[in-house]
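Novice: One structure, pasted below without further comment.
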Amino acid sequence: MGKKEGIPVHRMDDWFSGVYIKPMHVNRLDRPAYEKSEPHRHDFYYCVLLEKGKIELEIDFEKIHLTDHTLFLSYPGQIHRIVYAQMEHGWFLAFDPSILDEQLKSILDQCLSEVMHVPISSEQSTGLSSFIEHLYSIYNNSAQLFRQTITQSMVTAFVYQVASAYLSMERFNLIRHSARSIEITKTFRQILRHHFRSMKKPSAYAAKMNITATYLNDTVRSVTGFSVTYYIHHELMREARRLLYHSDLSIKEIAGTLGFEDDKYFNRLFRKVVGVSPGAFRKTSETSVHL
């Protein structure tokens, strides 16, 4: 394996107003050349509205298949690539987190899924396509007064519609749970997204939420079927797999990066969660064509 300089991160710096929009066309994906390169991270959100076609994505080592009338949104920091794309019509939208209002950021952070993957009706698909097409015309019109403000406001409005479609699906799946239980679970997931390196015990999350660790764990398990510890460990090991695959950091260095003082404990936890040792995972990834 050649020297790796770490996980590639593609940034939003040069895009107008922190936004990038492109239409998808028949038999090709109109996208920046970097999408054709090795797996990478973004420092921005990445959204697809697929009206007709098929796309296969790989997000953090998991395959995701998009088909007709599908919304998809991934988060900053996730490792991804497009494996296969054949579409007749759709849209690609990327946007910087800084343009979103705090309420929308919180909504996205609290979603229980690692990505938003939402089937929508043909009527919803047509309506959203019409909205983003209008946004695209403003985005490309350098003579448009208040172009930046309009563009950012319309992106925010579009993302609210994406979140609404996702939350409608999520609420249907969680209908048997109380609003309070769902709120606690979502708050935990939001905190976890930002603090998994430094907060490794359920009691730390419970203290931040002003509830007991037992209550937090019982609530999260009742809503999701998994314990608080399960989510903490899987968030840590997801990042560990990213670093093992995409960097030349030693296993001990990766353990330290993730806040583990004892690399032997890190090794045991990785094996427990992933099923193989960190060394075996890295060795397999060196010869695998999986990514």
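Each reported figure results from applying straightforward, stated rules to the coordinates on display, with no laboratory input. These numbers come from a predicted model, not from an experiment. Using ideal geometry, Cβ is built from the backbone for each residue, glycine included, and neighbour counts are taken over all protein chains shown.
Novice: Which trypsin sites (Lys or Arg not before Pro) in the range 109-217 sit in a loop by DSSP (not H, G, I, E or B) and have at most 13 other Cβ atoms within 10 Å of their own Cβ?
Specialist: On the way: sites: 147, 171, 176, 180, 186, 189, 193, 197, 200, 208; in loops: 176, 197, 200.
Answer in residue order: 176, 197.
Novice: Are there any chymotrypsin sites (Phe, Trp or Tyr not before Pro) in the range 118-199 that are in a DSSP loop and have at most 15 other Cβ atoms within 10 Å? List them by number.
Specialist: Values: sites: 131, 136, 139, 146, 158, 160, 166, 172, 188, 196; in loops: 146, 196.
The qualifying sites are 146.
Novice: For the range 9-173, calculate the relative contact order in percent as a whole number, restricting contacts to Cα pairs under 8 Å that are 6 or more residues apart. Mind dumping the intermediate values first?
Specialist: On the way: 293 pairs, mean separation 41.9, N = 165.
Normalised by residue count, the contact order of the range 9-173 is 25 percent.
Novice: May I ask for the net charge around residue 190, where only other residues with Cβ less than 11 Å from the Cβ of residue 190 are counted and Lys, Arg are +1 while Asp, Glu are -1? Present the calculation step by step, with values, prior to reporting the outcome.
Specialist: Working: positive: 105, 186, 189, 193, 208; negative: 109, 183.
Cβ neighbours under 11 Å give a net charge of +3.
Novice: Would you mind getting me the FRET efficiency between residue 84 and residue 210? Use the beta-carbon distance for r and R0 = 45 Å, nearest 0.05. Mind dumping the intermediate values first?
Specialist: Details: r = 47 Å, r/R0 = 1.04.
Calculated value: 0.45.
Novice: Counting other Cβ atoms within 10 Å, which chymotrypsin sites (Phe, Trp or Tyr not before Pro) in the range 211-240 have at most 16 and lie in a DSSP loop?
Specialist: Details: sites: 215, 226, 230, 231; in loops: 226.
For chymotrypsin sites (Phe, Trp or Tyr not before Pro) across the range 211-240 that sit outside H, G, I, E and B with at most 16 neighbouring Cβ atoms in 10 Å, the list reads 226.
Novice: Here's a follow-up. Just from the alpha-carbon atoms, what are the Rg and Dmax of the range 64-117 in angstroms?
Specialist: Here Rg and the maximum Cα pair distance are 12.8, 36 Å.
Novice: Which net charge results when you count Lys and Arg as +1 and Asp and Glu as -1 among the other residues whose beta-carbon is under 10 Å from that of residue 61?
Specialist: Working: positive: 63, 238, 241, 242; negative: 58, 60, 62.
Charge balance in the 10 Å sphere: +1.
Novice: What does the helix-only formula give at 222 nm for the chain: each DSSP H stretch with n ≥ 4 adding -39500 (n - 2.57), the total divided by the residues, and the result rounded to the nearest 500 deg cm²/dmol? Walk me through the numbers on the way to the answer.
Specialist: Details: 10 runs with 139 residues, N = 291.
Only helices count here, giving -15500 deg cm²/dmol.
Novice: Here's something else I'd like to know. Can you work out ³J(HN,Hα) from phi for every residue in the range 54-62, in order, using Karplus 6.51 cos²θ - 1.76 cosθ + 1.60 and θ = phi - 60°, giving whole Hz and x for Gly and Pro?
Specialist: Here the 3J(HN,Hα) series is 9, 9, 10, 10, 10, 10, 6, 6, 10 Hz.
Novice: Using θ = phi - 60° and the Karplus form 6.51 cos²θ - 1.76 cosθ + 1.60, what ³J(HN,Hα) does each residue of the range 70-83 get, whole Hz, x for Gly and Pro?
Specialist: Residue by residue, the range 70-83 yields 10, 9, 9, 9, 10, 9, x, x, 6, 7, 8, 7, 8, 7 Hz.
Novice: Shape call for the range 36-173 from the C-alpha gyration tensor, a ≥ b ≥ c root eigenvalues: rounded (a/c under 1.5), prolate (a/b greater than b/c) or oblate?
Specialist: Values: a/c = 1.31, a/b = 1.26, b/c = 1.04.
Rounded shape, in that the Cα axes give a/c under 1.5.
Novice: Taking 25 °C and 0.890 mPa s as the conditions, I'd like the Stokes-Einstein D for the range 126-220 in µm²/s, using the Kirkwood hydrodynamic radius from alpha carbon pairs. Walk me through the intermediate numbers first.
Specialist: Values: Rh = 16.5 Å.
My calculation gives 149 µm²/s for D.
Novice: So, one more: Quick one: 3J(HN,Hα) in Hz for the range 122-132, Karplus 6.51/-1.76/1.60 with θ = phi - 60°, rounded, Gly and Pro as x.
Specialist: These are the phi-based 3J(HN,Hα) values: 4, 5, 4, 4, 5, x, 5, 5, 5, 5, 6 Hz.
Novice: Of (1) 24; (2) 34; (3) 29, which one was derived for percent of Cα pairs over 31 Å apart from the structure shown?
Specialist: Answer label, from the structure shown: (2).
Novice: Take every Cα pair under 8 Å in the chain that's 6+ residues apart, average their separations, divide by the length, and report that relative contact order as a whole percent.
Specialist: On the way: 429 pairs, mean separation 48.8, N = 291.
Taking the mean separation of contacting Cα pairs over the length of the chain, I get 17 percent.
Novice: Kirkwood hydrodynamic radius for the range 179-287: how many Å is it when counted over pairs of different Cα atoms?
Specialist: Numbers: mean 1/r = 0.0681 Å⁻¹.
Result for the range 179-287 stands at 14.7 Å.
Novice: Ok, one more. Dipole of the chain, Cα-centred, from +1 at each Lys and Arg C-beta and -1 at each Asp and Glu C-beta, to the nearest 20 debye? Please report the intermediate quantities before stating the final value.
Specialist: On the way: 35 positive and 32 negative charges, 196 e Å.
So the magnitude is around 940 debye.
Novice: Once amide H atoms are placed 1.01 Å from N in the peptide plane, what residues at a sequence separation of 5 or more from residue 42, or on another chain, have their amide H within under 5 Å of its amide H?
Specialist: 10, 77, 78
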